[in-house]
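So the structure is just underneath, and the comments pick up after that.
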Amino acid sequence: MRSVGLCLSSLLLASGLGAPSVTLGQNAAPLKKPDKARIVRLERTIPDLMQKGTVPGLSIALISDAKTYWVHSFGVRDVKSGKPVTEDSIFEAASLSKPVFAYGVLKLVDLAELDLDTPLTKYLPAPYIVGDDRLDKITARYVLSHRAGFPNWRGNGNALTIHFTPGERFSYSGEGFVYLQKVVEKITGKNLNDYITEAVFVPLGMKSSSYLWRDDYDARTATGHDADGQAREKYKPKEANAAASLHTTAADYALFVEAVLKGTGLKPSTVREMETAQIAVDPECTNCTDRAPKELSENLFWGLGWGIQKTGDGESLWHWGDNGAFKCFVVAYPKRKIGMVLFMNSENGMSITQAVQAEALGGEQPAFTWIKYERYDSEPLRFAKAVKENGAGPAINEFRPALVRGDISEGFINSTGYRLMGQNKLTDAIRIFQLNVELYPKSWNVYDSLGEAYMNHGDKELAIQNYQKSLELNPKNAGAVQALSKLGGK
């Protein structure tokens, strides 16, 4: 069984990094505004990082003195066509959709059409969900600071539920933004894309941005790529999603960051609200619906639509985006008036983001520890690359000490096995799952995964044995029960 919480098509999640509040900045490069020397280094180092990280295409914008200082593109939009990424290339902004939407919401606040602290149920004629009175506690402030109590996504066919009292704590939620989107559409009488185009894109000159697919995108869109650099089918949204469907360019998004740094389009008091920490995050997780935090981060918070870092460099606004085959990152310093926007068309994009950011701006960035992506040069990603290039057996022999130490986690090994199984490399997949059983013999999930691999390989008896062992360790494993019924086992 694929581990809960893992990105199933990607091998970029970390194996459990420490809390960001205790790992700050010992090796961080000093924060500096962009200059010509940094650009020269970026033009040299970014292609090398892309090659090491298997990232086909990248577009970057740097902001200095609250103005776009440099926009540059590297690599190709699509490995099949070989067409280069340009300043006009369209990328999926993924969750970088959220700060733009939040800005549009705050414009309604300035117009007194929406109150940050009025329950959203006052704006919609019918309940958004039925059977939970806590819905009446959810406000725009709680949604924008991820305190609505919703999961990130409910999953296809699942009812939306509230997991904790709204306002009580942080848990990152796209569902909350979709709920607030419905409120905005009700208030304005317009669909989201029309409203944001009128309120944000046109005033800021963002001519290439849309939450819906546009015909002109076909000729200039980047295509997402999997961890092996293979092109994925391009998603073209027909419905706007405030949390995830924005398509844009690095240059366009830099115009938005300029506006945030200048306070353009919002009252000064509203800008202060946006940049004020509303809640400290749980250092151990981003999606935390199932438990209250053991402690709160001392340097990572959430404002209204933005993450906030508080370090020795001062406060910075930041956000990351992950639509699977597209990754992106933005960071901006309101007092210093500098920032960076980064878009990549690869599942591997976040593996090089920290290195690019360090070269572009520097400074302490505890956010990278919190969001838990592996660096391109980490043991887990080097192991995955060795499996791809040399096969499971030689890779296991090469990385045996790191595997035994636990430097490469059970979940990462499991994901590696499923990646191989998806490529129909069943012998290697079985070897990887066998490794997980060897390293983690008390985990029900490793036996479940090995059972699935044996079943796909046609080894019925071995599949039954492993599913039975998984069920012995976890009697609630419904997947094992179903598999055994299918296989004719007990």
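Laid out as a table, the results:
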quantity: Filtered residues of the range 112-155 (kept if in a loop (DSSP other than H, G, I, E, B) and aliphatic (A, V, I, L, M)); calculated: 112, 114, 116, 124, 126, 129, 130, 138, 148
quantity: Residue ID - surrounded by the fewest Cβ atoms within 10 Å (Cβ to Cβ), chosen from residues in the range 456-490 that are among the aliphatic types (A, V, I, L, M) and under 36 Å from the mean Cα position of the chain (by Cα); calculated: 478
quantity: Matching option when the condition is buried (at least 23 other Cβ atoms within 10 Å of the Cβ), in the same structural domain as residue 81 (by TED's automatic domain parsing) and at pLDDT 95 or above, among 227, 242; calculated: 242
quantity: Meets criteria (in contact (Cβ under 8 Å) with a residue 40 or more places away in the chain, of a type in the set (D, E, K, R) and in the same structural domain as residue 270 (by TED's automatic domain parsing)) for residue 44; calculated: no
quantity: Any hit, the range 255-269, residues being surrounded by 20 or more Cβ atoms within 10 Å (Cβ to Cβ), under 26 Å from residue 57 (Cβ atoms) and either under 21 Å from the mean Cα position of the chain (by Cα) or at pLDDT below 95 (or both); calculated: yes
quantity: Matching option when the condition is more than 16 Å from residue 249 (Cα to Cα) and part of a loop (DSSP other than H, G, I, E, B), among 190, 182; calculated: 190
quantity: Per-region count, the range 150-164, residues more than 18 Å from residue 295 (Cα to Cα) and in contact with a helix residue (DSSP H, G or I) (Cβ under 9 Å, 6 or more places away or on another chain); calculated: 7
quantity: Check on residue 408, farther than 30 Å from residue 105 by Cβ and over 23 Å from the mean Cα position of the chain (by Cα); calculated: no
quantity: Residues satisfying the stated conditions in the range 58-72, i.e. touching a Pro at 6+ places or on another chain (Cβ under 8 Å) and surrounded by fewer than 24 Cβ atoms within 10 Å (Cβ to Cβ); calculated: 64, 69, 70
quantity: Residue ID - surrounded by the fewest Cβ atoms within 10 Å (Cβ to Cβ), chosen from residues in the range 76-111 that are assigned to a helix (DSSP H, G or I) and touching a strand residue (DSSP E or B) at 6+ places or on another chain (Cβ under 7 Å); calculated: 95
quantity: Leading residue by the ranking (surrounded by the fewest Cβ atoms within 10 Å (Cβ to Cβ)) among those in the range 199-224 that are small (Gly, Ala, Ser) and assigned to a helix (DSSP H, G or I); calculated: 219
quantity: Of residues in the range 27-54 being closer than 21 Å to residue 327 by Cα and of a type in the set (D, E, K, R), the one surrounded by the most Cβ atoms within 10 Å (Cβ to Cβ); calculated: 52
quantity: Identity of the residue in the range 243-290, among the β-branched types (Val, Ile, Thr) and not in a helix (DSSP H, G or I), that ends up nearest to residue 168 (Cα to Cα); calculated: 279
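Per-residue answers, yes or no, for (1) β-branched (Val, Ile, Thr); (2) over 25 Å from residue 297 (Cβ atoms); (3) surrounded by fewer than 23 Cβ atoms within 10 Å (Cβ to Cβ):
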{"position": "116", "(1), (2), (3)": "no, no, yes"}
{"position": "125", "(1), (2), (3)": "no, yes, yes"}
{"position": "137", "(1), (2), (3)": "no, no, yes"}
{"position": "145", "(1), (2), (3)": "no, no, no"}
{"position": "152", "(1), (2), (3)": "no, no, yes"}
{"position": "161", "(1), (2), (3)": "yes, yes, yes"}
{"position": "175", "(1), (2), (3)": "no, no, yes"}
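The rows are residues; the columns are (1) in contact with a Lys or Arg (Cβ under 9 Å, 6 or more places away or on another chain); (2) under 27 Å from residue 266 (Cβ atoms); (3) modelled with pLDDT under 95.
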position: 125; (1), (2), (3): yes, no, yes
position: 153; (1), (2), (3): no, no, no
position: 162; (1), (2), (3): yes, no, no
position: 170; (1), (2), (3): yes, yes, no
position: 181; (1), (2), (3): no, yes, no
position: 201; (1), (2), (3): yes, yes, no
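Here is a yes/no grid of residues against (1) modelled with pLDDT under 95; (2) of a type in the set (Asp, Glu); (3) closer than 20 Å to residue 278 by Cα:
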{"residue": "311", "(1), (2), (3)": "no, no, yes"}
{"residue": "320", "(1), (2), (3)": "no, no, yes"}
{"residue": "327", "(1), (2), (3)": "no, no, no"}
{"residue": "331", "(1), (2), (3)": "no, no, yes"}
{"residue": "335", "(1), (2), (3)": "no, no, yes"}
{"residue": "349", "(1), (2), (3)": "no, no, no"}
{"residue": "358", "(1), (2), (3)": "no, no, no"}
{"residue": "366", "(1), (2), (3)": "no, no, yes"}
{"residue": "374", "(1), (2), (3)": "yes, yes, no"}
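The values are calculated or read from the model by the stated rules, or taken from the named source; none is laboratory data. All values derive from a computational prediction rather than experimental measurement. Ideal geometry is used to build each Cβ from the backbone, glycine not excepted, and the neighbour counts take in all protein chains shown.
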